[in-house]
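Since every read-out is calculated from the coordinates, none of them should be taken as a lab result. All of these numbers come straight from a predicted model, not from anything done at the bench. Every residue, glycine among them, receives a Cβ derived from its backbone with ideal geometry; neighbour counts consider all protein chains shown.
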Amino acid sequence: MSTHTIVLGVIGADCHAVGNKILEAFFTRAGYRVVNLGVMVSQDEFIDAAIETGAAAILVSSLYGHGEIDCAGLRDRCLERGLDRILLYVGGNLVVGKADLAATREKFLAMGYDRVFPPSVELDEVAVLLRQDLAAKDEGR
Amino acid sequence: MDFENKRIPDERFDALRPEVLGAWPTGREVDFDEGVAFHHALPEDKRFPVALDRADAERRVLLQPRAGVALLEEHIALLQLLAQEADVLPTTIDAYTRQNRYEEAQKGIDKSRQAGHSLLNGFPAVNHGLGACREIIERVPKPVQVRHGTPDARLLAELTLAAGFTSYEGGGISYNIPYTKKVPLQKSIEDWQYVDRLVGRYEAAGVRINREPFGPLSGTLVPPFMSHAIAIIEGLLALEQGVRSLTLGYGQAGNLMQDVAAIHSLRQLARQWFEAEGYGDYQLSTVFHQWMGGFPENESKAFAVITWGGAVAALAGATKVIVKTPHEASGIPTGEANLQGVMATSQITSMLVDQQASLVALVQPEIERIKREVNTVLRAVKTAGEGDWAKGAVRAFAAGILDVPFAPSVHNKGKLLPVRDNEGAIRLFDFGAVPLDMDTRAFHAAKVKERAIAEGREPCFQMVIDDIYSISKGRLVGRPR
């Protein structure tokens, strides 16, 4: 299996740092080359980093409730800038308030994200899905 | 002007002011003298420092929720609802405003209007302007504080204080290190010296405004001595600028003895250091934050965490407790959920507030330990600054003498690594560059080892991660699964 590069970061004006540091440790241990942009990352910074490093996936986090505003348009921006096959994952407390998980998932899938996770997701579960999605992507090439 | 812990001269402050007020059009609405007159006319029961004083005198714990939504009418309605049970109220500011991104805040306001509900995580006070902020004070029956996370909070302070807010949270360290990535510490400390000087000017005009450094920092396994050292430095910086009402904060760690000792030692250390540095004539209170880390999703379990925080706040004798909600795991709560958190806390604090005395003797060893750690660190900060606390703070972070676990700032070393001991108290797994003495190090190492043996594993980073998630998964100590 080739070593994939993945880009991590917390989008927008969000400064929740703890989960981000844990994701970095987890995916590094899982064998990925992790480019961690930390907190308060703009859409363009995600895309710049993905282009520079040839990343296979961008994992976007949002914990503070502004995800609906911050995450919209990332897929289009990726396409505009030539990232036409990149995987986009998003996870966290994505909207303001305690919302129906299924409705939130639909909303973000419609925005063009490949996977949408609640804050409580087990990281092992995410790792399995990421491996499958990357394998499918590699085969399609 | 040199960067130092010195009161900003009037001419310097007046020279800075036009630029501060010019950062967004609403800044033009600020009229200091009119603000002073409004404050003088405020009834006592809308004044934060009065409420704090009375609570300490009557040995009551004030209850304060967090709350803020995008639109004015909804925000006032929310505060009026919470006023049913809360003693003092907040206006929590949205995350765009905290980063001075007023255009994005405006987008959030507009989209919230279209959506019919708030898409922002707080109240964008700068965009709404002075009139709207004034309306909050006029229509809400209790004292209201600005709560945020803003490294450059000068314009927000000018607007909200002129509007009649009587308490302002934050500080040059506590609203930088846990809340931003790149803002230089010197810049945020200077900007907060401005805020503190503004509060000092109100004080000189006979208007007392309470200031509250943000105690919990990253809210993630922060050892009491580190948050205490930072709170005391921010207190010293504020006193120098003329602030006279200070509330120092601490975030619940989870172990009863450590948490009670933390509140006691915080008061004692603050008085000791403020006096040693030549400050008298100030009003000091404390605030205890209910658990700031991850919460269980299940609401009944969340209530247990909330009430345990309320219990410890009362047993520790904190002046005020910041209340969480049963929706904490999912982010911003509804008004009703928020009110439920306050009610649960109200019940437990009033049941326990008379039981403080018997605990003090029991926690004495822990009090002494925290004091020793704080004194060691503060002496090192003072030395680093060659006697100056502002310079000392900047140099101490650069050197790792001050180090906040799991903070996002690049100006924070992040080498200090905490872990729970076998009883759940926060100890140190890696001391980083924090200059603790050998006995203290030996104590921490022994406590961590005790747990490691009990769990049959070496102390490791996984143990720390387990501790970060443990409360959300139903325990205090992150035992191996």
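For B:Val69, the shell of other residues with beta-carbons less than 14 Å away shows a net charge of 0, using +1 for Lys and Arg and -1 for Asp and Glu.
Here is the list for the stretch B:323-403: GluC sites (Glu not before Pro) lying in DSSP coil, each with at most 11 other C-beta atoms within 10 angstrom of its C-beta, are B:Glu386. Relative to the dominant Cα principal axis of chain A, helix A:123-140 is inclined by about 50°. The dipole here belongs to the stretch B:10-361: it is taken about the Cα centre, uses +1 on the Cβ of Lys and Arg and -1 on the Cβ of Asp and Glu, and is about 540 debye. Take every Cα pair under 8 Å whose residues are at least 6 apart in sequence, average their separation, divide by the length of chain B, and the relative contact order is 15 percent. Each other residue within a Cβ distance under 9 Å of B:Met463 adds +1 if Lys or Arg and -1 if Asp or Glu, for a net charge of -1. Mean per-residue shielding of peptide B:328-337 is 5, counting Cβ atoms of other chains within 10 Å of each Cβ.
Note on A:10-23: average number of Cβ atoms from other chains within 10 Å of each residue's Cβ is 6. Cross-link partners of B:Lys107 among lysines, defined as those whose alpha carbon lies under 20 angstrom from its own and excluding same-chain residues fewer than eight positions apart: A:Lys107.
Would you work out if the stretch B:394-466 is rounded, prolate or oblate? Take a ≥ b ≥ c from the square roots of the eigenvalues of the alpha-carbon gyration tensor; rounded if a/c is under 1.5, else prolate when a/b is larger than b/c, oblate otherwise. Oblate.
Counting other beta carbons within 10 Å of each residue's own, what order do B:His264, B:His40 fall into, fewest first?
Least crowded to most crowded, the residues run B:His40, B:His264.
With 26 Å as the limit, the listed pairs B:Lys6/B:Lys187; A:Lys21/B:Lys473; B:Lys324/B:Lys473; B:Lys391/B:Lys415; A:Lys137/B:Lys182; A:Lys137/B:Lys111 have A:Lys137/B:Lys182; A:Lys137/B:Lys111 beyond it between alpha carbons. Cβ-to-Cβ counts within 10 Å put A:Cys15, A:Cys78, B:Cys133 in ascending order as A:Cys78, A:Cys15, B:Cys133, the fewest first. Using the alpha-carbon centroid of each, what span in Å lies between the stretch B:1-45 and the stretch B:301-316? With the stretch B:1-45 and the stretch B:301-316 each reduced to a Cα centre, they are spaced 38 Å. Each other residue within a Cβ distance under 14 Å of B:Lys107 adds +1 if Lys or Arg and -1 if Asp or Glu, for a net charge of -3.
For chain A, the share of alpha carbon pairs falling in successive 10 Å distance bins from zero is 12, 47, 36, 5, 0 percent.
On the basis of the beta-carbon distance and an R0 of 22 Å, B:Ser350 and B:Gln283 show a calculated FRET efficiency of 0.35.
What shape does the stretch B:67-181 take by its C-alpha gyration tensor, where a ≥ b ≥ c are the square roots of the eigenvalues and a/c under 1.5 counts as rounded, a/b above b/c as prolate, and the rest as oblate?
Oblate.
In plain terms, the residue of B:Met257, B:Met292 with the fewest other Cβ atoms within 10 Å comes first and the most crowded comes last, giving B:Met257, B:Met292.
Taking each DSSP H run with n ≥ 4 as -39500 (n - 2.57) and averaging over every residue of chain B yields -16500 deg cm²/dmol at 222 nm. Computed from Cα positions, the angle between helix B:364-384 and the longest principal axis of chain B comes to roughly 60 degrees. Amide H to amide H distances under 5 Å link B:Ser285 with B:Leu246, B:Thr247, B:Leu248, where only residues 5 or more positions off or on other chains count and H is placed in the peptide plane. Across the stretch B:358-382, no residue has a backbone nitrogen under 17 Å from the label position 7 Å along the beta-carbon direction of B:Met438. Under 5 Å from the amide H of B:Val419 lie the amide H atoms of B:Arg427, B:Leu428, B:Phe429, each residue being 5 or more positions distant or on a separate chain, with H modelled from the backbone and absent for Pro and chain starts. Let me make sure I get this right: for the stretch A:56-107, a, b and c are the square roots of the gyration tensor eigenvalues over alpha carbons, sorted descending. Under 1.5 in a/c it's rounded, otherwise prolate if a/b > b/c, else oblate. Which is it? Taking the square roots of the gyration eigenvalues as a ≥ b ≥ c, the stretch A:56-107 is prolate. Plugging the Kirkwood radius over Cα pairs into Stokes-Einstein for the protein assembly as shown, at a temperature of 25 °C and a viscosity of 0.890 mPa s, what D comes out in µm²/s? The Stokes-Einstein estimate is 99 µm²/s.
Across peptide B:104-114, the mean count of Cβ atoms from other chains lying within 10 Å of each residue's own Cβ comes to 1.
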